[in-house]
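Enquirer: One structure coming up, written as structure tokens, with questions to follow.
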Amino acid sequence: MNASELASSYDLVVIGGGPAGLAAAATAARAGVATVLFDENPGVGGQIYRGITANPVRNRAILGEEYWAGSALAAEAKASGASIVNGATVWSLDRTLTVGVSIAGQARMLTAKRVIIATGSLERPFPIPGWTLPGVMTAGGAQTLLKAQGLVPTGRTVMAGNGPLLWLLAAQILRAGGRIEAILDTSSRLNWLRAAMFLPDFLLSPYFKKGLALLREVKAKVDVIPVGNVAAVGTDKLKEVVADGHHIPADLLLLHQGVVPNVNLAIAAGVAHRWNDRQLCFAPVLDADFQSSVPGIAVAGDGAGIAGGTAAAERGRIAAIAAVRALKPDAKIADPQTARQRLQREEMGRAFLDELYRPVAALRQPEGDTIACRCEEVTAGQIRETARMGCEGPNQMKAFLRCGMGPCQGRMCGLTVTELIAEERGTTPDEVGYYRLRPPVKPITLGELASLPISEAERKAVER
Amino acid sequence: MFKRLGDTGATLTVTIDGKPIRARIGDTVASAMLAAGIDHCRTTPVTGAARAPYCLMGVCFECLVTVDGVGSRQGCLVPVAEGMKVETQLGKREAGR
Amino acid sequence: MAADSYDVAVVGGGLVGVATAWGLSREGLKVVVLDEGDRDVRASRGNFALVWVQSKGLGLAPYAGWTIRSSNAWGGFSDLLKQETGLDVCFQRPGGFTLALSEKELENRAATLKRLREQPGMVDYKIEIMDRERVRQMLPDIGPDVVGGSFCELDGHVNSLRLFRTLHKAINERGVTYLPSHKVETITREGGEFQLHTQGGTITAGKVALAAGNANMRLAPMVGLECPMRPERGQIVVTERLRPFLNHPVVTLRQTDEGTVMIGDSKEDSTDPSGLTLGVSATEASRAVRMFPLLKSANVVRTWSAIRVMTQDGFPIYDQSETHPGAFTVCCHSGVTLAANHALSVAPMIARGKLDTSLVAPFSARRFHVQEAG
């Protein structure tokens with residue numbers, strides 16, 4: 001579909017084609033709500049079910065049954081009658097529920113009666129020395145290559161960090177015949193103390209058995225080395241990984257220390273966010289139906305706070321049921337209670353995982369010459385020095401140092417900058433706040449921007 | 001750095017800095033470059049440092065390349081097509097391409 | 001003197017405030033800068049970074065002379081900052097353009113410049129109207145819609161965000177106390193000193209310089225002054241970094257030393273800095289593409305809106321209080337262009353306790369009453 005084929009208005013616009021977006025679009029469209037789902041990638045599935053509709057990996061055991069559960073969701077959305085548009089980048093959303101979207105270099109504005117933001121999560125910044133070197137990649141990135149293109153790391157691969165995704169990817173690489181030199185486990189032993197109180201819930205959650213089996217599978221084949229720090233070393237590409245005195249020659253270093261909500265679109269739309277200290281990230285303030293502070297805009301999936309793919313789908317359903325009830329009070333729609341119960345079960349083990357895999361401060365708040373902002377190459381030392389000079393928040397920091405001004409628009413540095421300022425000022429990240437974000441939340445061309453409709457008043461504000 | 005799992009998918013040819021490489025239908029520009037063993041896709045406009053695809057999900061903007069003459073395309077979001085011309089992007093993008 | 005007692009309290013940590021504070025510190029004074037918080041309205045994070053002369057002064061001729069004075073002082077000012085901080089604010093004065101996209105725009109431009117020149121007391125400086133061909137010789141990438149423009153060799157630009165940071169670094173290194181999250185609520189004067197009551201506590205100072213932008217309207221009456229303002233919103237579009245293609249700044253479009261292209265100069269009656277009108281950005285983008293078609297494929301990385309500091313008639317206000325000796329206003333729209341004046345001319349006047357009427361008398365807010373009486 002190209003941009004000019006889109007309707008000028010939809011009942012429901014769903015942004016993001018991962019589990020939350022697919023479930024939301026399917027639920028709403030089946031109830032007769034005119035629904036469009038925009039997804040930026042070549043196919044639906046989001047990151048967790050990446051490549052689900054055209055997967056080159058024939059051996060299903062490699063990715064695991066959890067992954068293949070995404071097929072049903074994709075099929076359900078496809079059959080629902082929702083209009084699903086891939087290769088569509090949503091770059092603007094405002095309080096009037098006007099959506100700016102670009103497809104194949106053509107920009108369009110359209111309106112919605114309700115919007116469900118399902119833009120999911122991204123990997124938490126892992127700002128260590130050398131993390132910008134070619135040969136260093138996120139674990140999620142390597143997993144995407146495996147899922148969508150059937151690519152497996154060769155050569156000397158080292159993994160570092162912690163969290164469920166790291167162990168899952170390690171198992172997948174091993175099942176696919178890959179080799180891992182070492183896993184550098186950056187978890188703090190102290191995390192167990194904080195996690196222990198949530199252990200009973202975790203034991204009852206679906207994650208317990210799966211997680212344990214995964215750990216056994218990986219540890220049987222790979223050296224797992226507990227470390228307190230990690231550095232990637234090389235001049236124009238990775239040569240070795242250095243951690244606590246270990247020097248490991250490597251061609252590929254895969255980093256991961258959890259995922260955090262992808263907040264850019266929601267913040268730009270004016271959705272109120274607050275710091276979640278257990279998950280160490282900003283997350284939107286939402287009600288039980290995942291409705292945000294902006295009337296008509298809901299945030300579902302991991303963008304609402306990290307809970308995983310299965311929970312994301314339930315959240316998408318709950319948000320969609322609320323949308324259907326608001327738009328079509330007479331429509332036949334399931335009671336959200338069932339979805340809520342399933343969601344509750346999915347969320348049970350989360351607190352334990354959050355505490356167990358809480359990334360250590362040293363790997364979130366770097367020092368010295370370590371790059372914090374990859375786009376503008378701003379170092380942690382510069383940010384710390386400027387904070388000590390009296391720069392109170394990320395917006396002034398951005399003006400002073402350009403951190404967050406590059407094409408990634410702060411996605412790679414936002415949390416680091418906030419946490420560094422908070423540490424230097426001796427205050428909380430909530431107090432420091434986040435970057436002010438404005439459209440376009442993904443770059444569009446000047447030509448696309450120029451092609452948008454212009455009112456007489458808007459023209460006169462410029463032409464004099 | 002990466003190898004193909006099995007022999008799946010039809011192949012096509014794209015050029016990277018004029019050099020033809022084999023890619024698969026279903027590849028993105030970034031995955032095709034990684035599969036071909038190309039270790040960096042651009043140098044930064046700030047210090048000229050070499051960078052390679054990092055997140056593969058459209059958020060980090062490290063895989064910016066010139067595709068068929070248009071600069072600063074996110075390689076991880078652009079599917080490959082037969083005959084596509086990909087160029088590594090060196091430093092600042094040139095205005096008009 | 002108490003620990004939090006100062007020779008001068010500068011209210012406002014924007015460009016006008018820190019340039020003034022830097023100048024005051026060079027005079028050997030103990031200075032404090034009182035600022036608001038990170039998410040408060042800040043014009044200094046949202047300016048266009050021109051050091052601009054052409055067409056300044058229509059309606060108040062002395063403003064042209066005052067602007068040229070600052071433009072001429074800018075080179076020395078940036079050298080001083082570089083010596084102190086090691087940071088280069090990239091001041092350049094290659095001459096700048098206003099471009100016309102229709103014959104009507106060009107006629108309007110010529111008429112404006114004619115009215116400007118014919119004002120009594122107008123300082124003589126060169127602004128040329130150029131036809132398309134002459135413009136093209138200097139700006140080879142202009143599009144077919146550009147019919148001509150005006151050029152002034154005194155126009156230049158600077159890296160204004162780096163200027164902002166540099167001035168903050170400079171005052172920090174000079175020992176000026178910078179207090180963010182110290183929004184001034186009220187100002188009193190007792191025992192020959194000013195008490196500034198802020199959200200972060202009370203600060204005492206012998207003198208007060210109000211450099212709080214649009215907030216001067218609220219603060220000035222507390223010290224027997226007035227500062228009538230009419231804020232307006234402007235929006236800017238910024239591209240990714242591009243290789244240098246533009247050797248001269250255009251009043252609505254410039255390439256920064258970092259390579260990004262800034263596009264803007266909209267005016268809307270709004271005081272909501274978080275709002276953004278996409279149609280306004282679209283108009284700016286459309287004009288930019290008509291001026292320089294090669295920009296069509298450039299990626300827009302950011303847009304922003306900011307509230308302009310704008311006095312009621314658009315000209316600066318410099319005043320000293322008769323009822324509250326030691327209180328001054330330093331207020332203007334063009335905080336970048338006039339930074340050199342504020343640092344090197346106005347600050348020393350405040351240090352001496354007396355504004356030099358030969359320089360700044362035309363900029364007293366008393367002019368608003370003269371006009372009303374007339």
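Enquirer: Quick check for me: using +1 on Lys/Arg Cβ and -1 on Asp/Glu Cβ, what's the dipole size of segment A:333-464 about its Cα centre, in debye to the nearest 20?
Expert: 320
Enquirer: Name the residue farthest towards the positive end of the dipole of the protein assembly as shown from the options A:Gly87, C:Ala340, A:Ile306, assuming +1 on Cβ of Lys and Arg, -1 on Cβ of Asp and Glu, about the Cα centre.
Expert: Sorting the options by dipole projection puts first A:Gly87.
Enquirer: A 18 angstrom limit on the alpha carbon distance is what I want to check against. Which of B:Lys92/C:Lys296; A:Lys460/C:Lys267; C:Lys82/C:Lys207; C:Lys30/C:Lys169 exceed it? The partial results should precede the final answer.
Expert: On the way: B:Lys92/C:Lys296 16 Å; A:Lys460/C:Lys267 9 Å; C:Lys82/C:Lys207 29 Å; C:Lys30/C:Lys169 16 Å.
Listed pairs above 18 Å: C:Lys82/C:Lys207.
Enquirer: Efficiency by 1/(1 + (r/R0)^6): what FRET value for C:Gln199 and A:Asp201, r their Cβ-Cβ distance, R0 = 41 Å, to the nearest 0.05? Kindly include the intermediate steps, with their values, before the conclusion.
Expert: Values: r = 43 Å, r/R0 = 1.04.
E between C:Gln199 and A:Asp201, to the nearest 0.05, is 0.45.
Enquirer: Here's a follow-up. Could you sort A:205-217, B:30-42 so that the peptide with the highest average Cβ count within 10 Å comes first and the rest follow in order?
Expert: Highest-to-lowest ranking by the protection proxy: B:30-42, A:205-217.
Enquirer: Could you size up the charge dipole of segment A:232-338 around its Cα centre, putting +1 on the beta carbon of Lys and Arg and -1 on that of Asp and Glu, and report it in debye to the nearest 20?
Expert: Around 340 debye, computed over segment A:232-338.
Enquirer: Another question, if that's okay. For chain A, list the cysteines whose Cβ sits under 4.7 Å from no other cysteine Cβ?
Expert: Result for chain A is A:Cys281, A:Cys375, A:Cys391, A:Cys408, no neighbouring Cys Cβ within the cutoff.
Enquirer: Let me spell out the model: positive unit charges on the Cβ of Lys and Arg, negative unit charges on the Cβ of Asp and Glu, origin at the Cα centre of the protein assembly as shown. What dipole size does that give, in debye rounded to 20? Walk me through the intermediate numbers first.
Expert: Details: 102 positive and 94 negative charges, 312 e Å.
In total the dipole reaches around 1500 debye.
Enquirer: Toward the positive end of the charge dipole of segment C:225-341, about the Cα centre and with charges on Cβ (Lys, Arg +1; Asp, Glu -1), which of C:Ser274, C:Gly326, C:Pro293 goes farthest?
Expert: C:Pro293
Enquirer: If the cut-off is 20 Å between C-alpha atoms, which lysines fall inside it for C:Lys126, apart from same-chain ones fewer than 8 positions away?
Expert: C:Lys56, C:Lys114
Enquirer: If you don't mind, there's one more thing I want to ask. Please name which of C:Val31, A:Ile52, A:Ala268 has its Cα lying farthest along the dipole of the protein assembly as shown towards the positive end, using unit charges on Cβ (Lys, Arg +1; Asp, Glu -1) and the Cα centre as origin.
Expert: A:Ile52
Enquirer: Something else about it: In terms of the Cα gyration tensor, with a ≥ b ≥ c the square roots of its eigenvalues, is chain A rounded because a/c is under 1.5, prolate because a/b exceeds b/c, or oblate? Provide the component values of the computation, followed by the final result.
Expert: Values: a/c = 1.61, a/b = 1.22, b/c = 1.31.
Verdict is oblate for chain A.
Enquirer: Quantify how strongly other chains surround peptide A:127-137 by giving the mean number of their Cβ atoms within 10 Å of each of its Cβ atoms.
Expert: That average works out to 4.
Enquirer: So how far apart, in nm, are the two label points at C:Glu173 and A:Glu65 if each is 7 Å from Cα heading toward Cβ?
Expert: Calculated label separation equals 6.6 nm.
Enquirer: Now, a different point. Give the lysines whose C-alpha is closer than 28 Å to that of A:Lys221, dropping any in the same chain fewer than 8 places away, or say none.
Expert: A:Lys147, A:Lys209, A:Lys210, A:Lys237, A:Lys239, B:Lys3
Enquirer: So what's the convex hull volume per residue for the Cα atoms of segment C:232-308, in Å³?
Expert: 87
Enquirer: Also, quick follow-up: Starting with the highest mean, order B:83-94, A:370-381 by the number of other Cβ atoms within 10 Å, averaged over the residues of each peptide.
Expert: Those peptides, ordered most packed to least, come out A:370-381, B:83-94.
Enquirer: Non-local amide H neighbours of C:Thr337 (under 5 Å, H modeled in plane, Pro and chain starts lacking H): which ones?
Expert: C:Trp52
Every number here is computed from the coordinates shown, using simple stated rules; none is lab data. Here the structure is a predicted model, which means the values were calculated and not measured. Please note: Cβ atoms are built from the backbone with ideal geometry, for glycine as well, and neighbour counts cover all protein chains shown.
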